[in-house]
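For reference, the structure is listed below as structure tokens.
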Amino acid sequence: MGVMGATAASDESMPSVKIQGPYARNLAYSRLSARTWQMTVRNDWTRDEARALHDLPLTDLLFRAQEVHRATQPRDAVQLCSLLSIKTGACQEDCSYCPQSSKYDTGVEAERLMDVAEVLLKAREAKEAGASRFCMGAAWRSPKKGSRQFQQVLEMVRGVRSLEMEACVTLGMLDDEQTQELKDAGLTAYNHNLDTSEEYYGEIITTRTYKDRLDTIARVAAAGISVCAGGIIGMGESIDDRVGMLVTLANLSPQPESVPVNALVPVPGTPLGDRKPVDPLELVRMCAAARIMIPGARVRLSAGRASLSREAQLLCFMAGANSLFFGDKLLTTGNPDHDADLSLLRDAGLSALAPASDAAE
Ligand code: SAM
Ligand code: DTB
Ligand code: SF4
């Protein structure tokens, strides 16, 4: 257990008020000493305490998250990551949320792996627009062993690093050799999401297991690549499922370097295509709980931002989110454009985070 910052002041004297509502039963926790939520890196979170944290009255939760945020993260800086789908569609997996699965008719056209030069042009444009990390996603279950495509991805990673940007890829499951090759190419981070709790996972994906995901995450960490792992809310999961996912992430050792918090983008044709958009305040709660439980991570406000107001996004930043996908497209769906994000940051007095100082090594 590592201490990340000072222990917050006690607020035991704060009164508690009875309010009716979904989170009312947890108001008792608002009276707990802030010492209970110390700014420590802990790998022993229980679901009960994480649930109690998640369900705090929102203003208390935001206050606690701000305390941790200010003690552990650069103040007022947001990491801008640009995302590019380097290989789109025709994926053999059945992830219920995903427009790129070949099992669903979503209108996404399958495309071959992009040329290295074309990808690096996009990376250069992203850098010029202000991004410090370039993330490349491929609609694969896993990269084919010894394939030319995988060698091309390694070339893309080397190229992005030579632009003095952080490089991240998400390619599905990896074996030891592929992981080491990515490390040797200079990869900064590997994105592999848990997506939801272990219990709810089977409702969403049947073609690979939760353990498969944890195994890839463990391999990436063992190779010394930063782990980017998070999930999605709004897929019909319970609050306990959301909290369960956060507990699994927080109890990883080391904890993930970044945690994408996605709100489901319901895509017609997928099994989750008619889900109602998630309440933005639920996203705020997830960002805050992630910030407190995984204090050293960049918490990335990810898919779903196109339908969030500026105010809701600012609440997410208040809650500890300090990273976002920057550019008008995620993989296949829309995202706010550069101008919208730059004016949001400017109006809020936030600045773009520079790449990690080793990004050019
Ligand atoms: N194919 C690789 C894999 O699944 O491991 C990498 C790409 S995959 C598209 C990356 C992540 O995007 C998924 O794990 C999921 O969390 C997120 N994602 C995909 N479709 C989404 C949607 N419609 N709404 C929100 N998040 C989504
Ligand atoms: C992550 O957690 N979210 C990003 C990134 N990692 C690869 C992907 C979001 C995809 C949203 C649906 C789409 O655009 O296809
Ligand atoms: Fe394929 Fe990844 Fe989409 Fe699942 S999330 S269907 S593995 S591209």
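Where a number appears in this text, it was derived from the coordinates with a stated rule and is not lab data. Predicted model, so just to flag it, every value in this text is computed and none were measured. Please note: Cβ atoms are built from the backbone with ideal geometry, for glycine as well, and neighbour counts cover all protein chains shown.
Quick notes on this structure:
- Cα principal axis extents for the chain, largest first, Å: 64, 42, 39
- Antiparallel bridges, percent of DSSP beta bridges restricted to the chain (to nearest 5): 10 percent
- Relative contact order (percent, whole number), the stretch 204-361, Cα cutoff 8 Å, 6+ residue spacing: 17 percent
- Greater than 26 Å apart at Cα, pairs in 145/183; 103/329; 144/276: 144/276
- Given charges at Cβ of Lys, Arg, Asp, Glu: the chain dipole, positive-most of 278, 119, 86: 278
- Potential lengthening between residue 354 and residue 212 on full extension [0.36 nm per residue; Cα-Cα distance subtracted]: 47.8 nm
- Under 5 Å from the amide H of residue 233 lie the amide H atoms of 262, 263, 264, each residue being 5 or more positions distant or on a separate chain, with H modelled from the backbone and absent for Pro and chain starts.
- Paramagnetic label reach from residue 102 (point 7 Å along Cα→Cβ; backbone nitrogen cut-off under 17 Å): within the stretch 184-227, residues 206-208.
- Each peptide in 125-137, 313-325 gets a packing score, the mean of other Cβ atoms within 10 Å over its residues, and the list from highest to lowest is 313-325, 125-137.
- Relative contact order of the chain, defined on C-alpha pairs under 8 angstrom at six or more residues apart (%): 22 percent
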